[in-house]
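**Q** Have a look at this one before I ask anything.
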Amino acid sequence: MIRVVLTVLVAVALLTASMPAIETARAATTAERIGAETDRLERAIGGVVAGSTPVSDPAMAAQTTVPVRVPTGFTAADLDRVALVESPDRPGEVVLAYRIDGRPEREFRIGTGPTRTAVDLVDAPIELRPGGASRVRIRYVDDGGATVRISRIG
């Protein structure tokens, strides 16, 4: 009986001691996965821009739909917010911003490919589901200049 109690106490002590490392690993994993989703979104934008010509009629514009998957599960940190927003530091640029458990917000820049193109976030900021997938539509339109228009679907 004493052995069982001591084993449980040691296990609880080890778990308590390792929790900060587990939380750090979860935050790092979440940042890595969100970075990968940012890269996927950037490649989708670059693909639409590189292979198309902007048109003034949005219904005729080149477009694609991209699912943006926010990490979930035991290996991911709990997210308070995930959104596509205009960069607070660089006007005209779009970032994927996220916040973990009330910590300061972090962001990943989203480029438009090799050509510099304006980006318009429809109903900005575009809030994404903090757990699971959100679908984002990308359209390449001519609003007095080449513009990538991003909106959330559903």
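The values are calculated or read from the model by the stated rules, or taken from the named source; none is laboratory data. Everything quoted here is computed from the prediction, not taken from an experiment. When we count neighbours, we look across all protein chains shown, and the Cβ atoms used for this are built from the backbone with ideal geometry, even at glycine. For the accessible areas, the whole protein counts, side chains as well, though only heavy atoms, and no ligand, DNA or RNA atoms are used. Shrake-Rupley method; radii C 1.70, N 1.55, O 1.52, S 1.80 Å.
**Q** At what distance in nm do the modelled label points of Arg137 and Ala31 sit from each other, each positioned 7 Å from its Cα along Cα→Cβ?
**A** Reported label-point gap for Arg137 and Ala31 is 3.5 nm.
**Q** What FRET efficiency, computed as 1/(1 + (r/R0)^6) with R0 = 41 Å and r the Cβ-Cβ distance, is obtained for Ser87 and Leu6, rounded to the nearest 0.05?
**A** Values: r = 55 Å, r/R0 = 1.33.
Approximately 0.15, to the nearest 0.05.
**Q** Rank these by accessible area, largest first, 1.4 Å probe: Ile153, Ile138. Walk me through the numbers before you get to the answer.
**A** Details: Ile153 35, Ile138 0 Å².
If we order Ile153, Ile138 from most to least accessible, we get Ile153, Ile138.
**Q** Go through Thr29, Val4, Leu121 and say which Cα lies farthest out towards the positive end of the charge dipole of the chain; charges sit on Cβ, +1 for Lys and Arg, -1 for Asp and Glu.
**A** Positive-most Cα among the choices belongs to Val4.
**Q** Using each residue's phi in segment 141-150, evaluate 6.51 cos²θ - 1.76 cosθ + 1.60 at θ = phi - 60° and report the 3J(HN,Hα) Karplus result to the nearest Hz, with x for Gly and Pro.
**A** Per residue, the Karplus-derived 3J(HN,Hα) values read 10, 10, 10, x, x, 4, 9, 9, 9, 10 Hz.
**Q** Follow-up question, since we're still on this one. R0 = 22 Å: FRET efficiency of Arg106 with Glu127, Cβ-based, nearest 0.05?
**A** Working: r = 16 Å, r/R0 = 0.73.
Efficiency, from the Cβ-Cβ distance: 0.85.
**Q** Size of the dipole of segment 78-154 about the Cα centre, Lys and Arg at +1 and Asp and Glu at -1 on the beta carbon, nothing else charged, in debye to 20?
**A** 260
**Q** Roughly speaking, to the nearest percent, how much of the chain's 1.4 Å accessible area is carbon and sulfur? Walk me through the numbers before you get to the answer.
**A** Working: 5060 of 8800 Å².
The nonpolar share, carbon plus sulfur, comes to 57 percent.
**Q** Between (1) 18.5, 66; (2) 19.7, 73; (3) 20.6, 79, which entry matches Rg and Dmax of the Cα atoms in Å as derived from the coordinates of this structure?
**A** For Rg and Dmax of the Cα atoms in Å, the calculated option is (3).
**Q** Asp80's amide H: which non-local residues (gap 5+, or another chain) put their own amide H closer than 5 Å, with H modeled 1.01 Å from N in plane and none for Pro or chain starts?
**A** Correct list: Arg99, Ile100, Asp101, Gly102.
**Q** How far is helix 2-50 tilted, in degrees, relative to the longest principal axis of the Cα atoms in the chain, given as a value from 0 to 90 rounded to the nearest 10?
**A** Result, in degrees: 10.
**Q** Could you provide, to the nearest whole Å², the per residue accessible area of the chain with probe 1.4 Å?
**A** Normalised by residue count, the accessible surface of the chain is 57 Å².
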